[in-house]
1. Can you count the Lys pairs in the chain whose Cα atoms are under 21 Å apart, with each pair 8 or more apart or on different chains?
2. Could you compute Rg(Cα) / (2.2 N^0.38 Å) for the chain, with N its residue count?
3. Let me have the relative contact order for the chain, percent, based on Cα pairs under 8 Å that are six or more residues apart.
4. Mean residue ellipticity at 222 nm from the helices of the chain, using -39,500 (n - 2.57) per DSSP H segment of n ≥ 4 over the full residue count, to the nearest 500 deg cm²/dmol?
5. Ordered by packing density, taken as the mean number of other Cβ atoms within 10 Å over each peptide's residues, highest first, how do 228-234, 26-32 rank?
6. Can you list the residues, at least 5 places off or on another chain, whose amide H is less than 5 Å from the amide H of I41, using H built in the peptide plane?
7. Just subtract the alpha-carbon distance of R160 and I243 from 0.36 nm times their residue separation and send over the number in nm, one decimal.
8. Each label point is 7 Å from the Cα along the Cα-to-Cβ direction; what then is the distance between the points at S65 and R103, in nm?
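No value in this document is a laboratory result; all are computed from the given coordinates. Treat the numbers as computed from the prediction; the structure is a model and nothing was measured. Note: ideal-geometry Cβ built from the backbone for every residue, glycine included; neighbour counts use all protein chains shown.
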Amino acid sequence: MVGPVRPQFVLFGSSIVQFSFGNQGWGAILAHLYSRRADIILRGYSGWNSRRALEILGQVFPKKSAVQPSLVIVYFGGNDSVLPHPSGLGQHVPLQEYIENMRNIAIHLKSLSDKTRIIFLSAPCINEAQIAQTIGELGQLRRKNESCRIYSEACLKLCREINVKGIDLWSALQKRDDWRDVCFTRDGIHLTSEGSKIVAKEILKVLREAEWQPSLYWKSMPMEFGQPSPYDPQFFSDGNTTINVSDGISEEFLEWD
């Protein structure tokens with residue numbers, strides 16, 4: 001463990017989370033914005049559904065941990081919504097069980113700390129044509145955009161019931177007219193950098209507007225070791241003036257302001 005201890009933001013979910021640090025993903029965007037403010041911790045498990053997540057929830061988020069996360073962003077639903085296989089095997093989780101699994105995940109996370117905040121990401125849309133091209137008709141038949149919509153709406157309804165912030169990824173991605181062409185990698189399921197930008201902006205919007213104390217919006221959080229110092233760079237010819245560059249916001253950050 002290194003110190004000082006920063007607020008911890010945990011990203012918990014399936015492959016949309018696991019891959020979020022690659023390809024200019026939304027996890028990487030958050031890690032960049034929150035550098036020197038919070039630690040973004042990745043707990044993503046490719047292929048998992050809410051049933052499997054619930055089985056290991058206490059191991060990932062132990063109640064007796066000395067430090068509890070300030071924020072947990074949870075994503076499960078895309079794999080749960082896969083249509084059932086006749087064998088009974090596979091990722092599919094019936095809708096009502098999915099809802100209860102997500103409810104129990106929220107109950108556990110709320111029990112960690114009075115200051116632990118939660119955001120649920122709903123199942124995003126998919127590009128069925130891309131899926132068919134990449135993994136064949138069988139894969140396309142197992143994943144349906146309409147099924148994603150049903151699970152997305154169920155997640156958001158649950159969020160309203162249990163007072164958890166919810167983000168409608170199914171609708172957010174489709175706000176772009178060209179969403180099918182720009183939001184997904186070749187498999188039609190996972191996110192490109194453009195798709196991830198949409199996810200990051202939706203998360204930041206929630207963090208900016210939430211009435212949480214303390215605020216978890218990146219510009220509102222203190223910068224670690226941000227005090228001015230005589231060792232700061234000099235940018236003036238008088239030789240007596242230094243600039244605290246900790247306070248500076250580079251041009252690339254302005255997109256997320």
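1. Total qualifying Lys-Lys pairs in the chain comes to 26.
2. 1.11
3. It rounds to 17 percent for the chain.
4. It lands at -12000 deg cm²/dmol.
5. Sorting 228-234, 26-32 by mean packing, highest first, produces 26-32, 228-234.
6. Those lying under 5 Å, H to H, from I41 are F9, V10, L11.
7. Using 0.36 nm per residue and subtracting the Cα-Cα distance, I get 25.3 nm.
8. 2.5 nm
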